[in-house]
Amino acid sequence: MTRLPEAPVTGRVLGVDLGAQRIGLALSDPLGMVASPLMMWRRSGDVASDHAAILRTAAENEADVIVVGVPLSLSTGRPGRAARAALEEVATLAERAAAADPPVRIETCDERLSTVTAQRSLATSGVPAKKRKGLVDMVAAAVILQTWLDGHPRKEP
């Protein structure tokens, strides 16, 4: 699913966890080495509005690349129903991102177990269960983004 980028990572990268109800975002450091949770919001009910918000966040944070998690099947590693839906949404986002000024590259990353990893990380950090729900999506986005960053070359400063 994750493919080699057209060029090494040279700046910030925005990670996106597209949930059914919420969207989590994470941002890399300026060198594109470390991912950190950024924010989460509830889906608006309008995909175009949600995509505009993602692209606006990328522009505000000077992200050159947006990495979107795709939930491949745990057993086969292939796209199931949820992954196919995510890939359709990614295709729409990619069209909008290509038309943005400046254009933003869209990449995908296998997000298997990102939510489980995020939940465990929050529990281990002592975050109370009631507060985890509001944080898990952006932490999952950071897990997705860090996975992608670890697999891609970085341009030396």
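Observations
- Residue within segment 100-107 that is surrounded by 13 or more Cβ atoms within 10 Å (Cβ to Cβ), at pLDDT 75 or above and of a type in the set (Lys, Arg) present: yes
- Checked against (1) out of contact with any helix residue (DSSP H, G or I) (no Cβ under 9 Å at 6 or more places or on another chain); (2) modelled with pLDDT of 90 or more, Ala35 meets all criteria but (1).
- Criterion violated by Pro128 - all others in (1) farther than 18 Å from Gly24 by Cα; (2) at pLDDT 95 or above; (3) loosely packed, with under 12 Cβ neighbours inside 10 Å satisfied: (2)
- Meets criteria (surrounded by 15 or more Cβ atoms within 10 Å (Cβ to Cβ), among the β-branched types (Val, Ile, Thr) and either under 18 Å from Val139 (Cβ atoms) or at pLDDT 95 or above (or both)) for Val116: no
- Restricting segment 1-32 to residues that are among the hydroxyl-bearing types (Ser, Thr, Tyr) and modelled with pLDDT under 95 leaves a set whose member that is farthest from Gly80 (Cα to Cα) is Thr10.
- Of all residues in segment 63-81 being hydrophobic (A, V, I, L, M, F, W, C) and more than 30 Å from Asp101 (Cα to Cα), the one that is modelled with the lowest pLDDT: Leu74
- Residues satisfying the criterion are present in segment 31-38 (criterion: among the hydroxyl-bearing types (Ser, Thr, Tyr) and closer than 20 Å to Trp148 by Cα).
- Test for Ala52: is it assigned to a helix (DSSP H, G or I), in contact (Cβ under 8 Å) with a residue 24 or more places away in the chain and not acidic (Asp, Glu): yes
The values are calculated or read from the model by the stated rules, or taken from the named source; none is laboratory data. Given the structure is predicted, the values throughout are model-derived calculations rather than measurements. We place every Cβ from the backbone using ideal geometry, glycine too, and count neighbours over all the protein chains shown.
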